[in-house]
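Presented below is the structure to which this report refers.
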Amino acid sequence: MKLTILGAASPRFPLLLHSLLKRGDIHVDELYLYDIDQEKLSLINKTIIAALVEHTTPSFSIHVAQSLKEAVQDAHCIFSSIRVGGQQGRIIDEREPLALEQIGQETVGVGGFFLALRTIPVVLEQIEVIRRYAPEAWVINFTNPSGLVTQAVRTLSGFDRIIGICDAPELIATHVATIYGCDASSVQLRYFGLNHYGWVYSVEVDGEERLSDLVENHLDQFIALEPFYEGMRTHMVRTGLIPNEYLYYYLHTDQVMANQKSAAEGRAESIKALDDWLYRTLEEHDASPIELYNTYMDKRNGSYMQMESGYDRNISERFSLLDMDASKGYDAIALNVLAALHKGEGETLILNIPNETFCPDLDASDVIEVCASIREGRFSTRWPCPPLDGEIWSLLKAMKRYERQVVRAIGMRSEAEAIKALAMHPLVGEEQARLVFERVRDAHARGNSPSILV
């Protein structure tokens, strides 16, 4: 099997490689790495990757591809994790909206909108190369915004061998396992929504339903494990559901914006500084690449949603790449999808796939984030659609209308249609859509970001 990684210069790629090296159920013959930033990819390859290989000898060969064609040709599976415009583009996405009283966030609101406008055209170009040189390959997408990218590929290119993934829902299962003193494999979530906009509506522990017990009797323990969920306590008690962590931005928009405005630097600026530090120290120092990477991940994980929510994270253990649990994280999810596709069977996973007949209130082609299992070579929904609260249904349908309009705007390459989409977003609205669009668009033009809608 040939496995290809697009975006392999990302500092998150070593997590995936470590997990792949630990998996005995996935038989890869060749691993091809590709990134448009060949210099950074070469640096990662000769430092962190070389150190990982030294500790765990791979059963497959590793190649650094010089072109997209070389990377994908005859691939059986392709992992896509790219960031169009880099961290500098993300800084603009997050900083400029604040001046117009809009939160700045990578995948939520205005930031997620502009990330989609930059990213989707590039992904569509890559899909055409994949269609030509690896027509039978599956694309496992964790390029953000994952659900919207997956939707756009299916709608605009007709390419249907793509599955979107995200690791945010998995965090809930990890905390449930801690609370009930069991292995995470004993926890089964039932989850439905859109990417970064969904809810857990059932929690089974060793086959026994526990969601009501969790909300009524163990919420303090749950929040102690992930303190920013305190801001969603009322929502959880009222609905009896556990929301995706990203719902925090919708429930506490004003507080998030106030925290962002008062912060010395934004999340994107913080991550860019960490990334720059990692690449620089890998280049300049003789210290262990693994130890440098561990320090990097400690700083990155410890600051997640800290500035936006005002809550400190509860992380007691230091990160260790060599000792990390290969059964958790986005890398484990990606490899679980790969294993299921290869073997034709596997566990239930939370994925971004077409709605088909799952929810009658949505179009069959709408990509949703839902529990799925593989049947006859493809993933499909695992359980019937849940009877969710009417308010939640309204929120989901409104967000899906926004996503459809974003895809329409990109397909038409129309700024007018893009502004219509932004006006439909629950955090933006018609009054500010044009002003926000023009300000952020112009800031990207001044910053030499990749063009949009051209």
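For the range 69-83 and the range 163-206, what is the separation of their Cα centres, given in Å?
First find each Cα centre; the distance between them is then 29 Å.
Using Cα centres only, tell me the gap between the range 398-454 and the range 333-363 in whole Å.
Using only Cα atoms to place each centre, the spacing works out to 29 Å.
Are there GluC sites (Glu not before Pro) in the range 21-119 that DSSP puts in a loop and that have at most 15 other Cβ atoms within 10 Å, and which ones?
Values: sites: Glu30, Glu39, Glu54, Glu70, Glu94, Glu101, Glu106; in loops: Glu101, Glu106.
Qualifying residues, ordered by number: Glu101.
So what's the gap between the Cα centers of the range 17-49 and the range 210-241, to the nearest angstrom?
38
List the aspartates and glutamates whose Cα lies under 18 Å from the Cα of Lys299, skipping any in the same chain that are fewer than 8 positions away.
Straight-distance partners of Lys299: Glu226, Glu265, Glu269, Asp275, Asp276, Glu291, Glu308, Asp312, Glu317, Asp323.
Tell me the net charge near Leu274. Cut-off is 9 Å between Cβ atoms, Leu274 excluded, with +1 for each Lys or Arg and -1 for each Asp or Glu. Don't jump to the answer; show the numbers that get you there.
Details: positive: Lys272, Lys299, Arg300; negative: Asp275, Asp276.
Net of charged neighbours comes to +1.
Cross-link list Lys40/Lys328; Lys397/Lys420; Lys69/Lys343; Lys400/Lys420; Lys46/Lys69: which exceed 19 angstrom alpha carbon to alpha carbon? Numbers along the way, then the final one.
Working: Lys40/Lys328 26 Å; Lys397/Lys420 16 Å; Lys69/Lys343 27 Å; Lys400/Lys420 14 Å; Lys46/Lys69 23 Å.
Pairs exceeding the cut-off: Lys40/Lys328; Lys69/Lys343; Lys46/Lys69.
Over all distinct Cα pairs, what is the inverse of the mean 1/r for the range 2-164, reported as the Kirkwood hydrodynamic radius in Å? List each step's numbers first, then the result.
On the way: mean 1/r = 0.0602 Å⁻¹.
Across the range 2-164, the inverse of the average 1/r is 16.6 Å.
Suppose only helical runs count, i.e. DSSP H with n ≥ 4. What mean residue ellipticity at 222 nm does that imply for the chain under -39500 (n - 2.57) per run, divided by all residues and rounded to the nearest 500 deg cm²/dmol?
Working: 20 runs with 222 residues, N = 454.
Calculated mean residue ellipticity at 222 nm is -15000 deg cm²/dmol.
For the chain, what does the equivalent ellipsoid look like in terms of its semi-axes, each the square root of 5 times an eigenvalue of the Cα gyration tensor, given largest first in whole Å?
Working: eigenvalues 174, 147, 120 Å².
After diagonalising the Cα gyration tensor, the semi-axes are 30, 27, 25 Å.
Pull up the DSSP beta bridges for the chain and report the antiparallel fraction as a percent, rounded to 5. Could the numbers behind the result be given before it?
Numbers: 25 of 45 bridges.
Roughly 55 percent of the beta bridges in the chain run antiparallel, per DSSP.
With loop defined by DSSP as not H, G, I, E or B, and exposure as at most 12 other Cβ atoms within 10 Å, which is the longest segment of the chain clear of exposed trypsin sites (Lys or Arg not before Pro)?
Working: sites that count: Arg318, Arg413.
Here the longest segment lacking exposed loop sites spans 1-317.
Just want the ordering: Leu251, Leu189, Leu422, from fewest to most Cβ atoms lying within 10 Å of their own Cβ. Mind dumping the intermediate values first?
On the way: Leu251 13, Leu189 19, Leu422 27.
Lowest count first: Leu251, Leu189, Leu422.
Read-outs: derived from the displayed coordinates by stated rules, not from any lab. Note that this is a predicted model, so its numbers are computed, not measured. As a convention, Cβ positions derive from the backbone with ideal geometry for all residues, glycine included, and neighbour counts pool all protein chains shown.
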